[in-house]
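None of the figures in this text is laboratory data; all of them are computed from the coordinates on show. Please read these numbers as outputs of a predicted model, since none were measured by experiment. In this analysis, Cβ positions are derived from the backbone assuming ideal geometry, glycine residues included, and neighbour counts consider all displayed protein chains.
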Amino acid sequence: MSLEYRPLDNVVRIQPQVKTTLPDWWLKFSDGWPDDLDFIKGKTFRASKEQTVKYPLPLILPEGNYYDIDPSDEDTGQKLYPYQKDIVYETLIGMRPGNYMLQFYFPANDPMWRLDYNTMLPSLTDPSLKYLGALRPEDSPSGEETIKFYSVYRMKPFYIRVIADDGVAYEKCVVDFTFNRLLLQQAAPPPDVRPKLIPYLDDIKWLTRPGGGY
């Protein structure tokens, strides 16, 4: 998995700025991708085709409760990963207005955003720490998304936790997914092209915890 918050793509040939990959653009997957994903690890591809699919996911949650979205292709997942090795999903996440927030976990119990001390973890039972690293609708509003992730066939699951905040009995939380389905062809890019690097999450999640690291 590769996750971006506030993604900035340096696109100069198209205005306004494009958030997703188009045909004939190039992607390079870093060497940090797992060995069991050797069909993309360290390899460079040209996007030959793309297709955009939108999928709004509405949830009604009681105050202070949460729901974990598992986008993976596991038996319990929601099948929001590609089903072929030569397809990559470039996915934008937007949030419609509401009194809720998102937390990201990879793997299941490891929060994406935390601070250095081992006590500085998101916690729904703590009135302050439940907001640590949380993203609210204004951080990635639908139509102006700042969250993007890349997924490939049989990638390890991660979890998007949707949390209804305090203040209302029930909250309607609508998470808008925009999937850019990319058909990839492995090739060497032209000399004047610098492919976009797609790091694996472990390349990004560099924080080392006491007694071990990611």
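Can you figure out the FRET efficiency of Asp139 with Lys79, using R₀ = 25 Å and their beta-carbon distance, to the nearest 0.05? In this case the efficiency is close to 0.40.
If you take the Cα centroid of segment 177-194 and the Cα centroid of segment 115-138, the two points sit 36 Å apart. Loop-resident GluC sites (Glu not before Pro) (DSSP state other than H, G, I, E or B) in segment 120-205 with no more than 13 further Cβ atoms inside 10 Å of their Cβ: Glu144. Peptide packing: for 185-197, 30-42, the average count of neighbouring Cβ atoms within 10 Å per residue gives the ranking 30-42, 185-197, highest mean first.
Taking label points 7 Å from Cα along the Cα-to-Cβ direction, Tyr131 and Arg181 give a separation of 4.1 nm. About its Cα centre, the chain has a charge dipole of approximately 580 debye under the convention of +1 per Lys or Arg Cβ and -1 per Asp or Glu Cβ, with nothing else charged. Projecting the Cα atoms of Phe106, Leu121, Tyr170 onto the charge dipole of segment 48-179, computed from C-beta unit charges around the Cα centre, puts Phe106 farthest toward the positive end.
Shown here is the pair-distance distribution of segment 23-205: with all Cα-Cα distances grouped in 10 Å bins from zero up to the longest one, the shares run 9, 33, 34, 18, 5, 0 percent.
With a cut-off of 20 Å, note down the residues of segment 168-196 whose backbone N falls inside the zone around a label point 7 Å from the Cα of Phe39 toward its beta carbon. Correct set: 180-188. Determine the sum of side-chain charges near Ala164: Lys and Arg each +1, Asp and Glu each -1, restricted to other residues whose C-beta is under 14 angstrom from that of Ala164. That works out to 0. For the chain, what does the relative contact order come out to in percent, with C-alpha contacts under 8 Å and a separation of six or more? It comes to 37 percent, rounded to a whole number. For the chain, the share of DSSP beta bridges that are antiparallel, to the nearest 5, is 95%. Pairs over the 27 Å Cα-Cα cut-off, from the set Lys49/Lys172; Lys19/Lys130; Lys43/Lys130; Lys28/Lys54: Lys49/Lys172; Lys19/Lys130; Lys43/Lys130.
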